[in-house]
1. Taking only C-alpha pairs under 8 Å that are 6+ residues apart, what is the relative contact order of the range 41-90 in percent?
2. Can you classify the range 204-285 as rounded, prolate or oblate using the Cα gyration tensor, where a ≥ b ≥ c are the square roots of its eigenvalues, rounded means a/c under 1.5, and otherwise it's prolate if a/b beats b/c and oblate if not?
3. Tell me which residues come under 5 Å, amide H to amide H, from residue 185 once H is placed; ignore anything under 5 positions away on its chain.
4. Which order do peptides 263-269, 125-131 fall in by mean Cβ count within 10 Å, highest first?
5. Any chance you could get the radius of gyration and Dmax over the Cα atoms of the range 129-285, in Å?
6. Looking at the chain, do any whole DSSP H helices span at least 15 angstrom along their long axis by alpha carbon and average 0.0 or above on Kyte-Doolittle, and which?
7. Of all beta bridges DSSP finds with both residues in the chain, what is the antiparallel percent, to the nearest 5?
8. Across the range 96-209, how many lysine pairs, 8 or more positions apart or on different chains, have C-alpha atoms separated by under 27 Å? Please give the number.
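The values are calculated or read from the model by the stated rules, or taken from the named source; none is laboratory data. All figures in this text were calculated on a predicted structure; none of them were measured in a lab. In this analysis, Cβ positions are derived from the backbone assuming ideal geometry, glycine residues included, and neighbour counts consider all displayed protein chains. To get the accessible areas, we keep the full protein, side chains included, count just its heavy atoms, and leave off ligands, DNA and RNA. Shrake-Rupley method; radii C 1.70, N 1.55, O 1.52, S 1.80 Å.
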Amino acid sequence: SWAKYAPPYLLKSLYRSGVEATVGFHENEVSILFCDIDGFREMCRDRSPKEVLTLLSLVHGEVSNAIEAQAGTLLEFVGDEVLAVFNAPNEVVDHEEHAVESATDVLERADRLGVRMRCGVHSGKVLVGNIGSQTRIKYGVLGDSVNVAARLKSLNSHFATCCLVSDESLEEADDLHKSYVARPVGNLVLKGRKSATKVWEVRARRQSSSQTLAKTYDAHRRAFELFIARRFGEARPLLAEVCRSLKGRMGSVDIPSQHLLHLCDKYLKEPPPAEWDGSESMSKK
């Protein structure tokens, strides 16, 4: 039972990768997955401590299985939050695609438990290795890419989405739109950053979604391309149709398409300056 404190698969991975039990880092290109339970605080108010622990155990178990199934490394649990890395300590070819696939699997597994998750995925360089002191260490990751994944996870609450993924992850996933129902939500300047990140909502695998939903997300993607090209009059009717199509399905107004629709109306009345690149600043975490 003590092996559960340090999972054997992690110890074996560290051993095979030649990672010594000493404090130290090296730089590596990885994909980061952050996820947590949407509305966890409210959920706890209606449950006893025992019920909360039972729920967490079930959810964490399914999340762990989804990560391990895609060769990811689960680094830590923090309350209801889970942090995982792909391509460290073991090499994972096409780690970006593995991370996105793991995120969609997390959503499906949690949905079967009646739980809604928030996932954020980003790929980039990080410092990876052993963090701590000479007497106690843990294997982990540090760097801006970790912060970006965390910001994306939290932004799901702003857009009423479940899984937000950076372009750095999706541009490396082959045949993205043949594999996933996905759409861009914006070129966002995340808190603490100066440059914009193209952010995508990944809704589900195409094979497990209806054709209607997939076509709606494809229409949103075309509308976004027109929006960035400053063709607001052409983007507007497409976005209006997306809003109508998703309103009943999601139980409320579809925030990503509604937001772009409002911006189209704004820019049709008062065009943006010549240097406008479609980016938006997100002041909150």
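1. 23 percent
2. On the way: a/c = 1.95, a/b = 1.73, b/c = 1.13.
Prolate, because a/c is 1.5 or more and a/b exceeds b/c.
3. Residues meeting the amide H criterion: 199, 200, 201.
4. Details: 263-269: 14.7, 125-131: 19.0.
Packing proxy ranking, top to bottom: 125-131, 263-269.
5. Taking only Cα atoms of the range 129-285, I get Rg and Dmax of 17.7, 63 Å.
6. Details: long enough: 49-69 (30 Å, 0.50); 95-112 (26 Å, -1.13); 144-159 (22 Å, -0.13); 211-228 (26 Å, -0.34); 232-250 (26 Å, -0.06); 255-269 (21 Å, -0.18).
Flagged H segments are 49-69.
7. Numbers: 41 of 47 bridges.
If I count the DSSP bridges inside the chain, around 85 percent turn out antiparallel.
8. Count of close lysine pairs: 11.
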